[in-house]
């Protein structure tokens, strides 16, 4: 019964990724740890596999809609993959316990909720097809590339260490630094999250026990959610959705920090 409930929750992982381009790992790790009952390191490793598969599925409808910016993604992906692999290896250090990883995860969740709520409050109702970048003069191309590389590395390390795909950081950087529209940022972030997740997963390979039955069944359930979410995203405004999801993530963050 508990596993069936976990599979139903896995659909929400896909819905989150399809609707707002992030939040999948933020939900997947607590579901795997507190509902399924695996250890923190196992939950992080398994969530990276699940979110990686689901993000690949989610990229397809965004690609068909022309919402994936390959030049920007190609700049972001290599340093992010290196960072994700390194972040996963950091978890192998002897002083990194499950408690430390879950506390870090809870803090990241709290920060993610802050960014989601803040972004939803600053969005205009009909800004889906226009960049939300600052009206100031955009940075030179060389500066853009350097900033993107450093952000990619930082997001990657975060992904590998606490299992968070980093969509809440990737999307603002794609909009503000890359200068691309919000819808493109969502589609592009899914491609980046997929590559990050697989790189981080490889970093955990042979470190933890992996339950492939859970991973595959969760991936299938969440994949159904992301296809539905990506199509639903064309019909609803993201502003109110992001705000509600932000408060939900904050509540889960508090729970994780208390339960650890």
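What follows is calculated from the coordinates using simple rules that are stated; it is not laboratory data. Nothing here was measured: the structure is a model prediction, and the numbers come from that model. As a convention, Cβ positions derive from the backbone with ideal geometry for all residues, glycine included, and neighbour counts pool all protein chains shown.
Which FRET efficiency value, to the nearest 0.05, do you get for residue 118 and residue 3 by plugging their Cβ-Cβ distance into 1/(1 + (r/R0)^6) with R0 = 51 Å? Intermediate results must be reported in sequence, preceding the final value.
Details: r = 36 Å, r/R0 = 0.71.
According to the calculation, E is roughly 0.90.
For residue 104 and residue 213, FRET efficiency with R0 = 35 Å and r from the beta-carbon atoms, rounded to 0.05?
On the way: r = 28 Å, r/R0 = 0.80.
It comes out at approximately 0.80.
Grab the Cα-Cα distance for residue 149 and residue 206, subtract it from 0.36 nm times how many residues apart they are, and report the gain in nm with one decimal.
17.7 nm
For the chain, find the longest principal axis of its Cα atoms and tell me its angle to the long axis of helix 40-64, 0 to 90°, nearest 10.
Here the helix axis deviates by roughly 30 degrees.
Select one label from (1) 54, 47, 38; (2) 52, 41, 35; (3) 48, 36, 32: the one whose number is Cα extents along the principal axes in Å as derived from the coordinates shown.
Checking each listed value against the structure points to (3).
Return one number: the angle in degrees, 0 to 90 and rounded to the nearest 10, between the long axis of the Cα atoms of helix 141-162 and the longest principal axis of the Cα atoms of the chain.
Approximately 20 degrees, to the nearest ten.
May I ask you to compute the full-extension gain from residue 93 to residue 257, defined as 0.36 nm times their residue separation minus their alpha-carbon distance, rounded to one decimal in nm?
Working: separation 164, 0.36 × 164 = 59.04 nm, distance 2.15 nm.
Answer, rounded to one decimal: 56.9 nm.
So what is the calculated 222 nm ellipticity per residue for the chain, using -39500 (n - 2.57) for each DSSP H run with n of 4 or more, over all residues, to the nearest 500 deg cm²/dmol?
Computed mean residue ellipticity for the chain: -25500 deg cm²/dmol.
Angle check, please: helix 70-90 long axis (alpha carbons) against the longest principal axis of the chain (alpha carbons), in degrees 0 to 90, nearest 10.
It is inclined by approximately 30 degrees.
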